[in-house]
1. So V379 fits all but one of (1) open to solvent by 10 Å² or more (accessible area, probe 1.4 Å); (2) modelled with pLDDT of 95 or more; (3) in a strand (DSSP E or B); what number is the exception?
2. From A126, A62, A111, grab the single residue that is closer than 22 Å to Q283 by Cβ and either open to solvent by less than 10 Å² (accessible area, probe 1.4 Å) or over 23 Å from the mean Cα position of the chain (by Cα) (or both).
3. Condition first: at pLDDT 95 or above and part of a loop (DSSP other than H, G, I, E, B). Now tell me which residues in region 183-199 satisfy that.
4. Determine, yes or no, whether A401 is without any contact (Cβ under 8 Å) to a residue 60 or more places away in the chain and under 23 Å from T492 (Cα atoms).
5. Among what's in region 149-165 and is β-branched (V, I, T) and assigned to a loop (DSSP other than H, G, I, E, B), pick the residue that is surrounded by the fewest Cβ atoms within 10 Å (Cβ to Cβ).
6. Which residue pairs have Cβ atoms under 6 Å apart, sit 6 or more places apart or on different chains, and have a first residue in region 514-542 that is under 16 Å from F572 (Cα atoms) and a second that is in a loop (DSSP other than H, G, I, E, B) and among the charged types (D, E, K, R)?
7. Can we say A233 is part of a loop (DSSP other than H, G, I, E, B), of a type in the set (A, V, I, L, M), open to solvent by less than 30 Å² (accessible area, probe 1.4 Å) and modelled with pLDDT under 95?
8. Which of the residues spanning region 307-334 are part of a loop (DSSP other than H, G, I, E, B), open to solvent by less than 10 Å² (accessible area, probe 1.4 Å) and farther than 20 Å from C49 by Cβ?
Amino acid sequence: MNLRPATALSVLLAASASALTLGSPQGLTLSGPVTVTGARLLPGGVAVCLGARLGVLSAVGALQRSIPTGSDCAGLSVSPDGTLALTTTLAGGQGAGTVSVWRLADGQRTAQVSVTNLTGAGFSGARSLLIGSAGGTESLDLSGGARSTLNIQGVTYLSTAPDGTYAVVGTGRRVQLIDARTAAPVSGHICDDSCPVGAVGFSADGRSAAVQAGRQLVALRSNYPSTIVARDAGQVAGLPLRDGTVLTLEGVPGAGELQRRDLLTGRREKTLTVPGGTVQPTQVTADNQILSLTSGGLSLGTAEQPATRRIDLPARATGGGTDPATGRPAALLGGTLSVGGQVAARQVWAVQTMNRATWLLAADGSGGLNLAQLDAGKVRTVAPAGNATHLSVNHWGNAAATWNDDRLSVVSQKTGKVTATLNIPGQLGAARVTLSPDSTRAFILPAQGDGFVALLANGKRFGLPTAPGRRAADVQISGKGVLAFTAPDGTTDLYQPGNRVPYATLSASPPAQTLSPARFSPDSALLAVPARDERGWRVDLVNATTGRVDARTPALADPPSFITWAADSRAFTLGAGRLDRLESVTVFPLND
């Protein structure tokens, strides 16, 4: 985060003279659905892509190294000798994707290649890559940097076998198993219609592959015709085994069943029931060890017992706060609110902590929603919320606003009564709303068009008190009236009450979709602002008086989905883990 001059009152970013420091953080790992975009076995461990980081885990799941990839990785490949990893970032459309190669011993990036319309990449040898795009298939020699075109026919998908000998490519109605070094086809299948490639599993020697092609599971074998293992199977994934069968996951996730099917005929030979839910086999080794994806992370096992050892990974919190009575973190995971890792409420739409109150927008059990509060792990209904879809709480936490596309209501914490309503048809959709600390004004930021301030007493509107030409994507108001306006480009202007000229402007990367807004501490002394640089995400603590950064968190594994302050302003909680930990939520105490 950098600071740029705005007025004579502006300050320059410099080493803060404040003695404010962060104490030893405490992390919480939560169980829940985990998004893994790639996983590969290593000698004695596993490499796994989790969002914008590449994790190197031991065989028991201990994090040995965390490598920030810069952007969410869309694919993962590991060199046959287990020393290098490749990650891909797909730009989509006509943009350029990125292929990055990382040295696992120290996390250093050793190569980076930009490829227009990238569709996949992987290792084709210890120091060579196979890259697929809409422009064709090419090889890259990592030792000398030479690139050579192998085939000019564009591919829609490319994935290489773990040993680098073969690869699967998709080309419209055709899916092929090719030699990874020459791109020569060795087996193929033509679909009746378009057949987008889904999950692909290779045999231990790479000579066979089970490919999800449309609604079929197709087996490709080097120098043999293709066979159909399962027809009209819907969601299907398979892994060829050395006994001539394919271990398949079929049907609805959560069933907890695997099938063993004959590779040639598709005949079902055996059904395996797996305790604990869905297991999707992804890789098998020469000694019959199997790596699988599970709803909560990864598992290691064999063909007969695919999930004998589970590796739990951190779920991403989509929102959260703290329990005012205990100070424990409250995190929202897929609609379930947990406090300190224990389930407190289900079917929760939104949660927000401000000062000494945590408010919820939660299902009432009859199809509607309630505005509720959390206290000592219990949820207490405050007022019906009707068909509201959004929640916002003022700085003091003593009033909450709920709204939908047409109507906004403000509810008092003390009385549980509606104190004000605004009818603004068609202008509140997907907006952010911020109540003033005294609950007399609502700062309304529609998804389209300019924001405005509405007086809750009579509905009169005024323009936002910002510098000319500045738009706002979010606004926060401290208990002392300081305004923090965040623009769509990610910069945040700080304004003293009644002054339309910012006294500081904080520059940051454009916020991610799930990024938390900035938050003032309850005592209004600090503003916690999400920021990002080449090392990854972090949160800066900005002195609300001077505009200088007094402290920074270490690098985070993900953009923080929420920021919540303790009522005494002596700690704050983030909906993100540290980069070098497997955590979902982190609590940072403050020292001075």
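The values are calculated or read from the model by the stated rules, or taken from the named source; none is laboratory data. Remember, predicted model here, so these are calculated numbers, not experimental data. Neighbour counts are summed over all protein chains in view; Cβ atoms, including those assigned to glycine, are modelled from backbone coordinates with ideal geometry. Ligands, DNA and RNA are excluded from the accessible area calculation, which covers all protein heavy atoms including side chains. Shrake-Rupley method; radii C 1.70, N 1.55, O 1.52, S 1.80 Å.
1. (2)
2. On the way: A62 fails: either open to solvent by less than 10 Å² (accessible area, probe 1.4 Å) or over 23 Å from the mean Cα position of the chain (by Cα) (or both); A111 fails: closer than 22 Å to Q283 by Cβ.
So the residue among A126, A62, A111 that is closer than 22 Å to Q283 by Cβ and either open to solvent by less than 10 Å² (accessible area, probe 1.4 Å) or over 23 Å from the mean Cα position of the chain (by Cα) (or both) is A126.
3. A183, A184, listed by residue number.
4. Numbers: without any contact (Cβ under 8 Å) to a residue 60 or more places away in the chain: yes; under 23 Å from T492 (Cα atoms): no.
No; evaluated as a whole, the condition is false for this residue.
5. Residues of region 149-165 that are β-branched (V, I, T), as a first pass: 149, 152, 155-156, 160, 165.
Cutting the leftovers down to assigned to a loop (DSSP other than H, G, I, E, B) gives us 152, 155-156, 165.
On the way: I152: 9, V155: 28, T156: 20, T165: 18.
Per the criteria, the residue is I152.
6. S524/K480
7. Values: part of a loop (DSSP other than H, G, I, E, B): yes; of a type in the set (A, V, I, L, M): yes; open to solvent by less than 30 Å² (accessible area, probe 1.4 Å): yes; modelled with pLDDT under 95: yes.
Taking the combined requirement at face value, the residue satisfies it.
8. Of the residues in region 307-334, the ones part of a loop (DSSP other than H, G, I, E, B) are 307-308, 313-318, 323-328, 334.
From the residues that got through so far, the ones that are open to solvent by less than 10 Å² (accessible area, probe 1.4 Å) too are 313, 315, 317, 323.
Of everything in region 307-334, just one residue is part of a loop (DSSP other than H, G, I, E, B), open to solvent by less than 10 Å² (accessible area, probe 1.4 Å) and farther than 20 Å from C49 by Cβ, namely D323.
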